[in-house]
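Nothing in this text is a laboratory measurement; each read-out follows from the coordinates by a stated rule. Quantities reported herein were computed from a predicted structural model and do not represent experimental measurements. When we count neighbours, we look across all protein chains shown, and the Cβ atoms used for this are built from the backbone with ideal geometry, even at glycine.
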Amino acid sequence: MKKFVCIDLDGTLLPMDNDYFIKMYLKELAAKMAPYGYDPQELIKTVWAGVYAMFENDGSQTNEELFWKLMNEHYGEARVKKDYRLFDEFYSEDFDAMKKYTDGCDPDAKVLIDGLKKSGCQIVLATSPVFPQVATYTRIRWAGLKPSDFDWITTYENVIHTKPNPLYYQDILEKFQTDGEDAIMVGNDVDEDMSAASLGMDVFLLTDHLINRHDKNIDAYPHGGFKDLMAYLEK
C-alpha cells in the first residue's frame with residue numbers, strides 16, 4: 001500500500017455534480033452582493049476571471065493574492081477593501097447552506113479515510129485550491145469528515161499553483177519530501193487529477209461522479225467506484 005495518499009474532495013469524497021454546484025454557489029454569492037451595488041452577472045464573470053488567473057499562476061504569489069489582485073483591478077482597491085467583510089461573511093456564515101446543492105454524504109468516504117489513517121498513511125486533501133480555507137473546511141464537514149483527518153489541505157491561501165498544473169502536485173511532494181513513485185492521487189476528474197501521473201505518481205480515477213471533459217479513454221488509468229478503490233489501495 002502507498003503510504004502517501006493525495007485525494008480530491010468535490011465529486012470524490014463529497015458527492016456532487018461539480019458544474020451544478022459551482023453555478024448555484026456563484027448565483028448565491030452574486031445575490032448576496034447585489035444589494036451592495038454588484039451587478040450579478042458582472043460579479044460572476046469577474047470571479048471566473050479570478051479562477052482562471054489561479055489556473056495560470058506562475059508561482060510568484062499565492063492563489064489568494066492573485067485572486068484579490070484581479071478583484072482590485074476590476075472593482076478598485078478601495079471598494080474591495082470596504083466590501084471584503086461581505087465576501088468573508090458569505091463564506092463564513094452563508095456558505096454552509098450551499099450543501100443543498102451537493103448529493104449528500106457518502107459513508108464510504110469516511111470508511112476510506114479512517115482506514116487510511118489506521119494504516120499509517122499520510123493523507124493530503126488535494127482539492128482544487130480556488131476556495132478559501134473556511135469554505136474548504138465546510139465542504140469537508142459536509143462529507144462527514146473533519147479537517148483534522150488530513151495531514152494537509154490545499155486552499156487558495158497556502159498554495160501557488162492549481163490543478164491540472166503538475167507543479168501543484170510537485171509542490172505537495174516537495175513539502176512532504178516524498179517521491180512521486182511513493183505516492184498516489186485519487187480523484188474523479190480525468191484532466192485535473194490524473195495529471196499527477198506525469199510526476200510518476202500512481203493514480204486512481206473514481207468514476208462515481210466522473211468528470212471527463214475531453215472524452216478521454218479512462219482505461220489508461222486504474223478506475224472504478226469506492227469498493228474498487230479500497231481494493232486497489234490494499235495491493
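Among residues other than ASP103 whose Cβ falls under 12 Å from its Cβ, what is the net charge (Lys/Arg +1, Asp/Glu -1)?
-2
Determine the distance separating the Cα centre of segment 65-126 from the Cα centre of segment 173-219; give it in Å without decimals.
Between the Cα centre of segment 65-126 and that of segment 173-219, the gap is 21 Å.
Please give me the summed charge of the neighbours of ALA126: other residues whose Cβ is under 10 Å from its Cβ, Lys and Arg +1, Asp and Glu -1.
Every neighbour counted, the sum reads -2.
What FRET efficiency would be calculated for the residue pair LYS216, GLU42, taking the C-beta separation as r and a Förster radius of 30 Å, to the nearest 0.05?
FRET efficiency, LYS216 to GLU42: 0.30.
Placing +1 at every Lys and Arg Cβ and -1 at every Asp and Glu Cβ, with all other atoms neutral, what dipole size does segment 19-100 have around its Cα centre, in debye to the nearest 20?
Roughly 260 debye, rounded to the nearest 20.
Sketch the reach of a paramagnetic label on ASP103 as a point 7 Å from Cα along Cα-to-Cβ, and name the residues of segment 180-219 whose backbone nitrogen lies under 15 Å away.
187-190, 206-212
222 nm [θ] for the chain, helices only, -39500 (n - 2.57) per DSSP H run of 4+, per residue, to 500?
That comes out to -13500 deg cm²/dmol.
If you take every residue apart from TYR20 with its C-beta less than 14 Å away from the C-beta of TYR20, what net charge results, scoring Lys and Arg +1 and Asp and Glu -1?
Net charge in that neighbourhood comes out at -1.
Looking at segment 29-100, which GluC sites (Glu not before Pro) are DSSP coil and have at most 12 other C-beta atoms within 10 Å of their C-beta?
Those satisfying the criteria are GLU56.
Ordered by packing density, taken as the mean number of other Cβ atoms within 10 Å over each peptide's residues, highest first, how do 204-210, 141-147, 218-224 rank?
Per-residue mean Cβ counts within 10 Å order the peptides as 204-210, 141-147, 218-224.
With contacts defined as alpha carbon pairs under 8 Å and 6 or more residues apart, what's the relative contact order of segment 1-156 in percent?
Relative contact order for segment 1-156 comes out at 35 percent.
What FRET efficiency comes out for ASP94 versus ASP151 if R0 is 35 angstrom and r is the Cβ-Cβ distance? Round to the nearest 0.05.
Once rounded, the FRET efficiency stands at 0.75.
Taking the alpha-carbon set of segment 55-175, what are its Rg and Dmax in Å?
For segment 55-175, the Cα radius of gyration and maximum Cα-Cα distance read 16.2, 51 Å.
List the lysines whose Cα sits under 21 Å from the Cα of LYS227, skipping any in the same chain fewer than 8 residues away.
LYS2, LYS3, LYS110, LYS117, LYS118, LYS235
Say the dipole of the chain comes from +1 at the beta carbon of Lys and Arg and -1 at that of Asp and Glu; which of PRO147, PHE131, TYR232 then lies farthest toward its positive end?
Ranked along the dipole, the leading option is PRO147.
How would you rank 98-105, 181-188, highest first, on the average number of other Cβ atoms within 10 Å across their residues?
Final packing ranking: 181-188, 98-105.
Cross-link candidates for LYS45: which lysines have Cα within less than 16 Å, leaving aside residues fewer than 8 places away along the same chain?
Once the sequence-local lysines are set aside, what remains near LYS45 is LYS23, LYS27, LYS32, LYS69.
Given the options ALA53, ALA109, ALA34, which has the most mean-square fluctuation in a GNM of the chain, springs set between C-alpha atoms less than 10 angstrom apart?
ALA34
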